[in-house]
Amino acid sequence: MGQLSETGRIFERDSPETVERALAIFRRALKHKHLRYSSVREAIARAALAYQGHFEVNDLMGALTSANIKDAHLATVYRTLPLLVEAGLIQHALLSSGERRFYERAFERPHHDHLICVDCGKIVEFEFEAFEVLQRDIATRHKFELLDHVHELLGRCDACASK
């Protein structure tokens with residue numbers, strides 16, 4: 001499946017093999033929980049994997065509607081997203097956004113962190129190995145088994161700071 005742009009159009013992102021690997025993981029996760037793998041759940045998984053950038057439930061619902069997936073109701077999307085998170089295909093993102101809940105693709109994507117402009121909402125994704133080394137060192141020093149982390153650096157982008 002292709003990738004959805006901000007306007008909901010689809011363009012190529014992943015090979016069919018990559019998508020099939022992700023769907024196989026999702027099928028196993030559902031089977032482990034004794035849940036059914038349905039065409040609607042598959043369509044939701046494909047849309048979430050293909051979505052470009054960060055998305056909310058309504059964004060994903062809009063993409064499904066644009067793709068003419070008729071059986072994907074809002075309640076089904078809400079029930080499926082936590083299953084996709086648990087399977088490791090998507091992850092929660094932009095936790096500092098308060099009441100709003102964002103997701104982004106996690107499957108076969110390198111870990112990254114976010115710079116977030118508090119004025120205009122601009123998001124910059126970045127990778128910084130020194131953060132990764134430092135947090136592992138801190139966890140080891142305090143005898144913690146590090147499972148996951150989120151770094152969101154809040155500030156003002158250049159355009160907003162110069163206003």
For region 42-50, Karplus-derived ³J(HN,Hα) couplings (6.51, -1.76, 1.60; θ = phi - 60°; whole Hz; x for glycine and proline) come out as 5, 4, 5, 4, 4, 5, 5, 5, 8
Expressed in nanometres to one decimal, the distance between label points 7 Å along Cα→Cβ at R100 and L147 is 2.8
Tilt, helix 129-141 to longest principal axis of the chain (alpha-carbon atoms), in degrees rounded to tens, equals 80
For region 113-161 the mean separation of alpha carbon contacts under 8 Å (6+ apart) over residue count, i.e. relative contact order in percent, is 54
Filtered hits (aspartates and glutamates, Cα-Cα < 19 Å from K143, offset >= 8 within chain) -> E132
Cβ density ranking, 10 Å radius, fewest first, applied to H114, H142, H151 yields H142, H151, H114
Once the in-chain neighbours fewer than 8 apart are removed, the aspartates and glutamates whose Cα is under 20 Å from K70 read E42, E56, D59
Inter-part gap, Cα centre of region 79-110 to Cα centre of region 53-71, in whole angstrom, is 15
Among beta bridges assigned by DSSP with both residues in the chain, the antiparallel ones amount in percent, to the nearest 5, to 70
Of region 60-92, those with amide N under 15 Å from the point 7 Å along the Cα→Cβ vector of Y37 are 84, 87-89
For K163, the lysines lying under 22 Å Cα to Cα, once residues fewer than eight places off in the same chain are dropped, come out as K122
Put in order of increasing Cβ neighbours within 10 Å, starting from the fewest, D59, D71 give D71, D59
Given (1) 1.09; (2) 1.00; (3) 0.92 as possible values of Rg/Rh (Cα atoms, Kirkwood Rh), the one from the coordinates is (2)
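Using 1/(1 + (r/R0)^6) with R0 = 22 angstrom and r between the beta carbons of V85 and V118, what's the FRET efficiency to the nearest 0.05?
E between V85 and V118, to the nearest 0.05, is 0.25.
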For region 113-161, percent of DSSP beta bridges that are antiparallel (nearest 5) comes out at 50
Taking L35, L147, L89 and counting other beta carbon atoms within 10 angstrom, the fewest-first order is L147, L35, L89
Note, E129: beta-carbon cut-off 14 Å, +1 each Lys/Arg, -1 each Asp/Glu, net -3
Mean Cβ-within-10 Å packing, highest first, puts peptides 37-43, 115-121 in the order 37-43, 115-121
Any residue on another chain or 5+ positions along whose placed amide H is under 5 Å from the amide H of F102 is listed here as A93
Once phi for every residue in region 108-123 is put through the Karplus expression 6.51 cos²θ - 1.76 cosθ + 1.60 (θ = phi - 60°), the whole-Hz ³J(HN,Hα) values, with Gly and Pro written as x, are 6, 10, x, 4, 8, 10, 10, 9, 10, 6, 6, 8, 9, x, 4, 10
Computed from the beta carbon distance with a Förster radius of 35 Å, FRET efficiency for K163 and E129 to the nearest 0.05 stands at 0.60
Using the Cα gyration tensor of region 113-161, the equivalent ellipsoid's semi-axes, largest first and to the nearest Å, work out to 28, 9, 8
Sorted by chain and then number, the residues having a modelled amide H within less than 5 Å of the amide H of Y51, at least 5 places away or on another chain, are L4
With the 8 Å Cα cutoff and a minimum separation of six or more residues, the chain has a relative contact order in percent of 18
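The numbers here are math on the coordinates, done by the rules we state, and not lab data. Owing to the predicted nature of the structure, the values given are computational and were not obtained by experimental measurement. Quick reminder, even Gly has a Cβ in these numbers, built from the backbone with ideal geometry, and neighbours come from all protein chains shown.
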